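We did not get these values from a lab; they are worked out from the coordinates using the rules stated. Only a predicted model underlies this, so the values are computations on that prediction, with no experimental measurement involved. Methodologically, a virtual Cβ is constructed for each residue, glycine included, from the backbone with ideal geometry; neighbour enumeration extends over all protein chains shown.
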Amino acid sequence: MASEERTADAPRTEGAAPKVQAVVLVGGKGTRLRPLTLSAPKPMLPTAGLPFLTHLLSRIRAAGITDVVLGTSFQAQVFADHYGDGADLGISLRYVTEEEPLGTGGGIRNVLDHLTADTIVVFNGDVLSGADVGDVVNTHHTSGADVTMHLVRVGDPRAFGCVPTDDAGRVTAFLEKTQDPPTDQINAGTYVFRREVIEEIPAGRAVSVEREVFPQLLTDGRHIQGHVDYSYWRDMGTPEDFVRGSADLVRGIAPSPALTTTHGESLVHDGAGVAPGAVLVGGTVVGRGAEIGPRARLDGAVIFDGAVIEAGAVVERSIVGFGARLGPRALVRDTVIGDGAEIGARCELLRGARVWPGVQIPDNGVRFSTDV
Ligand code: GDD
Ligand code: MG
């Protein structure tokens, strides 16, 4: 490790346990991203050409943390098949699988046997963020808290954990997904735990860290410190956010140490074909072996490997799954097209439509307009 590299993991002596370890929770079912998550776990969906988790693991590595445990459940084997021991990313990666999902708190408790450090940084596996992990760890150490929580401010806090703090930045309440949030400050999905606190989480049953562990710690008068950060932040768990986060990576609005390509309006991968006259803007990604026909217009589109977009089709803020096909002059806006689906010519799919994998819609089969 270069001496000038920022590090949350202080220099170690030979054979000593690392001072900071990371846990990444990746066991969710990703229901809000169905049907894409029927065939791949959410953190493995291609995002600017890489599995989303690669961006997060690279960020953890960039903070100097090299010992990482993945808490898996749903489609657990996919992670190990792809990352192996983590050496390609310069980390040591281990996997712990819940046969039945144990929830976020249960997932953290379930990896305890692999935790030897005093300081454990836990990440939700679907958050794209520019926050400096080392800074969050430093806040934890200087405040002496039991848990330190990365906090951000968002426009609509109702979909998140609402987390008010006092003047000293100490957390005063944790209100998961409340309809009446008292502040726009939310849980950003990264926590620094003292190891002993993880030992206190009940073992062998499902536990929500948000609904059970954090509220109980506060009731018991324990110290949860907030670390507010104003850099890029997005939870990638919905189609709208996934499309936006992907586009922000392509355009360089969202940072990722894993991306080595130059930023621009589009990212076209090896083996993809883009016909003359096609327009690719808004952070569009075209996957390997995909084909984009003449005069097609793609704005903020995420086109997975092997998909085909025929002549004159329009794709806006939408995801087109592996090997799917859009016929000539189809219009797809704010929509998810499942793997291998075939959308006929001049179909219009808008406003949150989701086409299931392999479904075939005939030419003119779905329209919003009445002209033929
Ligand atoms: N191992 C394991 N086991 N992981 C799980 C389980 C489980 O049973 N359930 C969920 N996870 C993982 C998911 O894979 C995801 O990476 C992370 O835990 C969070 O789950 P989400 O389903 O994405 O939660 P959310 O987005 O609704 O809310 C959470 O994240 C918000 C920030 O993005 C909460 O932590 C909120 O408080 C927070 O504001
Ligand atoms: Mg989420």
Can you tell me the Rg and the Dmax, both Å, for the Cα atoms in segment 272-349? 10.2, 27
At 0.36 nm per residue, minus the direct Cα-Cα distance, what do Asn138 and His223 gain on full extension? Give it in nm, one decimal, please. 29.1 nm
If exposed means trypsin sites (Lys or Arg not before Pro) lying in a DSSP loop and surrounded by at most 14 other beta carbons within 10 Å, then the longest stretch of the chain lacking such sites spans residues 13-176
What are the radius of gyration and Dmax of segment 226-269, computed over its Cα atoms and given in Å? 11.8, 40
Less than 28 Å apart at the alpha-carbon level, and either on another chain or at least 8 residues along: which lysines does that give for Lys42? Lys29, Lys177
The relative contact order of segment 266-361, taking Cα pairs under 8 Å that sit 6 or more residues apart, comes to a percentage of 18
What is the dipole size for the chain, taken about its Cα centre, with +1 at each Lys and Arg Cβ and -1 at each Asp and Glu Cβ, in debye to the nearest 20? 840
If the convex hull of the alpha-carbon atoms of the chain is projected onto planes in all directions, what is the mean projected area in square nanometres? 19.6
How high is the relative contact order of the chain, in percent, with contacts defined as C-alpha pairs under 8 Å that are six or more residues apart? 13
Among the DSSP beta bridges whose two residues both lie in the chain, what percent are antiparallel, rounded to the nearest 5? 30
Divide by every residue of the chain the summed helix terms, -39500 (n - 2.57) for each DSSP H run of at least 4, and state the resulting mean residue ellipticity at 222 nm, rounded to the nearest 500 deg cm²/dmol. -4500 deg cm²/dmol
Any chance you could check the Cα centroid distance between segment 106-167 and segment 256-312 for me, in angstrom? 35
